[in-house]
Every structure is written in structure tokens, then in C-alpha cells.
Amino acid sequence: MSRTIRSSASATSEKVVNLRDCGPEGCDIDWLSSQKVETEIDDVMEFTRFALEQGWGDGLPLIPPTEARVHEFLGKNNRYADEVICTLPPADGECTVEKIAINAVMAGARAESLPLIIAALEAMAEPDFELFGQNTTTAPVYPLVLVNGPIRNKLDIPYRHGCLGGARTDATAIGRAIRLIIRNVAGQEANVTSQTTFGSPGRISGMLFGEWEERSPWAPLAERRGVKGDAVSVYGTMGTMNVLDTTSQDPLEFLEMTGKSMGYIGANGLSPAMPFAEMMIAINPVWAELIHAKIPSMEDIQEVLWKFASTDADYLTPKHRQQLEAQDRIINGRAYISVEPKDVLVVVCGGTGGLHATGFHSFGSCLTQTRALVPGPDAATE
């Protein structure tokens, strides 16, 4: 959505000017360039209905993005409003800082979240992430955003109990802001540009969570991928798959149970239509400590999970097996979700009750992207 709303509530008084934005009190020079819609609406529920009629909304309540609110959001950051961050398919919409701010205001996201949102969008716009396919496919895929670094605590990004949904945090609005941008700037619309058969709740709220680095015996995922400190990794997920294991007493047994649970034949990674697929597995901190005590190497853990995330090729239908064999994807009578162990991404998060792991199957033709966050205004040196 590329419009600001000019409301009667946007009264201006004394005008102030600074380098990036003039703040909520008005401007000598108006940095905002989006088309404006004249309306008196500032009530949340009335605006929500109005936004749905205009095609901007997702059905949940929206905060009217008045000029004052957008200026205030931008005024707390150090990016120019008309700066183009990336181009997002399928509409190839130019995603400016202003458009990010408009959608973030509607979602209720804090201004301090802008650097994180920008990093996530830049990662999604990378060709290898294959956002066009994710946004237009029949699948229910959407970008998962994993957060590393101290920014997790500053923005209250959940990484403990209920981190994938249900934790009490206003960071939920950040994930929703990204989803509104995908809808309103990238142009994803069900049965128009997106042929998704069923969709997913994740296409409304998104999925944004952190890694519990303080309880992980391994380096954070972003650091293992070459980026230290505040960073995001985006992964094209089909949703969550819970793995319950109340029986295993040995770390190898737990990894075997988790890997075998991932290897179901309807996963995109076992489809002849997909040449490869990553997979992400979240391990709770209790099991992470037990696993590390016996298998300290992350590479060894990836190999164990990869080995068990497979299925007997005879379990496939004959035609399914024939197609995978023609692609040389049957190895010693087994079909594997991922081509190599390195394609298994392991993160530590979740509560301390143990007993569970979570699997995230990949869309397939997308590769995870990791980006560092550009420091916000607190660290600006202009």
C-alpha cells in the first residue's frame, strides 16, 4: 500500500526541520511522496473496514497511517523516506522506506523495528530466495524470519516459551508489518497473483522469532552463516510440524525421532518438481544441552538429522519413485528431503519443558538468506 492518510487528526503546529524527517508536528519540506487519500477517518474499526474496501487490509484491525503517525515513525529512524530498499515480486513494487513505514504503522509495529524490517526485506528480495515463486505458487509457503543478536531483547522478539505463537509481545506486529508489505507492495493477493490452494495463518501474522542464544551450546545460526551480531535469516517455510518425543533417553534417539518425523512423503523436498530443499529444525534448550554433551559438532548433528530425514523409496508410489530415480535422487534405496547435510538448519529456541522439537519444511526452490541489521538512529553518526 503506497498511500498515507490525511486525517483531520493530523493537525500541524510549529514546523520543525531535520535531515531525515520533520517529525509529527509537520514539515517545511514534505518528504512523503506517496499518493494521499483525503478522509476524516481516524477510528481503528472504521478505518479497518475502509482499508478492506480499498484492498489494503488483511481482515484484522489496522491503525490509520496518518501523516503525523508516518512522520513520527520516520522521525525516530535515520533513513530517507524516498529511499528504495528493494523491488518485490510479483508486482515488482518499489519498496521505499516510506511504504515500509506506512504498513508498519497500520500493523502497530514500533518505529525501532525499521532496521529489522529492512534487513528482512532485503534478504527476501535476493534472487536465490525466489520470492516470486513463493508469492505466486499453489503452496501455502511464506517467509519465516529468524532473529539473532541483542536486537532480540530490545524489540522483545520471542525466543523462549511460545516463541512461534502465543507469547505476549508486541513484536507480533513486526511480522504482520512484513506481511502487509508483501500484500500491499509486492502485490500478493489470493486468487489474483497468488494461486495458493489453502494459504496459511502465517500469511497474515508472518512468523518472526529469535534464537535462544544464551541457552544454545552452539554459535547462533546467523554467525554460523557468516554474520555476527544483530541479523535476520529468512527461510521459505510451509509452516510448523510438531515432533513429540516422550520416550527417547539418548540424544541420538531424539535426533532419529526428529529426523524420521521430517521425512514424510508429501513434503516439498520429496517432490520431483523441486530440485532441492532445505529444512529447518528447532530444538528446545533442554535437549540442546543433552545433545551437545554427546555430539558437540553441529556438522555431525546435521548429518544425523539428514540421514534420518528420508524414506524408503519403495514407500513412494511407483511413478513418484521413477521420477526421483530419473533425477538421481534415490540413494541406496532411500529418498532424502535435503540433498546434503549442510541444507539442514538447526536452531535452539522454545520452552524448557522439553519433549518437543519443531520442524519447518521448505518450499523447495528457495535458499535461506542472512543479512546484518544496519544500525538505527541510536548509533547514527551524521
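Brief remarks follow.
- Looking only at residues of region 205-239 that are among the hydroxyl-bearing types (S, T, Y) and touching a residue at least 60 places away in the same chain (Cβ under 8 Å), we find that the one that is surrounded by the fewest Cβ atoms within 10 Å (Cβ to Cβ) is S216.
- Residue ranges of strands (runs of 3 or more DSSP E) in region 149-264 with at least 1 members touching a Gly at 6+ places or on another chain (Cβ under 6 Å) and more than 29 Å from I85 (Cα to Cα): 241-244
- Taking the criterion of being under 13 Å from V344 (Cβ atoms) and not in a helix (DSSP H, G or I), the residues of region 269-296 that qualify are F276, A277, E278, M279, M280, I281, A282, I283.
- Whichever residue in region 168-179 is open to solvent by 30 Å² or more (accessible area, probe 1.4 Å) and farther than 15 Å from L114 by Cβ and, among such residues, is nearest to the chain's Cα centre (by Cα): T172
- Of the candidates A273, A282, A313, the single residue that is open to solvent by less than 70 Å² (accessible area, probe 1.4 Å) and under 30 Å from T136 (Cα atoms) is A282.
- Output for region 331-343, where each listed residue is surrounded by 19 or more Cβ atoms within 10 Å (Cβ to Cβ) and either in contact with a strand residue (DSSP E or B) (Cβ under 6 Å, 6 or more places away or on another chain) or free of Cβ contacts under 8 Å to residues at least 24 places away in the same chain (or both): A335, Y336, I337, S338
- Where a residue in region 174-193 is without any contact (Cβ under 8 Å) to a residue 40 or more places away in the chain and its partner, wherever it lies, is surrounded by 22 or more Cβ atoms within 10 Å (Cβ to Cβ) and assigned to a strand (DSSP E or B), with Cβ under 6 Å and at least six apart: G175/L208
- Filter result (free of Cβ contacts under 8 Å to residues at least 40 places away in the same chain and either crowded, with 22+ Cβ neighbours inside 10 Å or among the acidic types (D, E) (or both)) within region 120-155: none
- Residue list for region 240-260, filter: open to solvent by 10 Å² or more (accessible area, probe 1.4 Å) and under 23 Å from the mean Cα position of the chain (by Cα): T240, M241, N242
- Strands (runs of 3 or more DSSP E) (entirely within region 1-110) containing at least 1 residues that are modelled with pLDDT under 70 and open to solvent by less than 10 Å² (accessible area, probe 1.4 Å): 3-6
The values are calculated or read from the model by the stated rules, or taken from the named source; none is laboratory data. Computed from a predicted model, the values in this text were never measured in an experiment. Quick reminder, even Gly has a Cβ in these numbers, built from the backbone with ideal geometry, and neighbours come from all protein chains shown. For accessibility, only protein heavy atoms count, side chains too; no ligands or nucleic acids. Shrake-Rupley method; radii C 1.70, N 1.55, O 1.52, S 1.80 Å.
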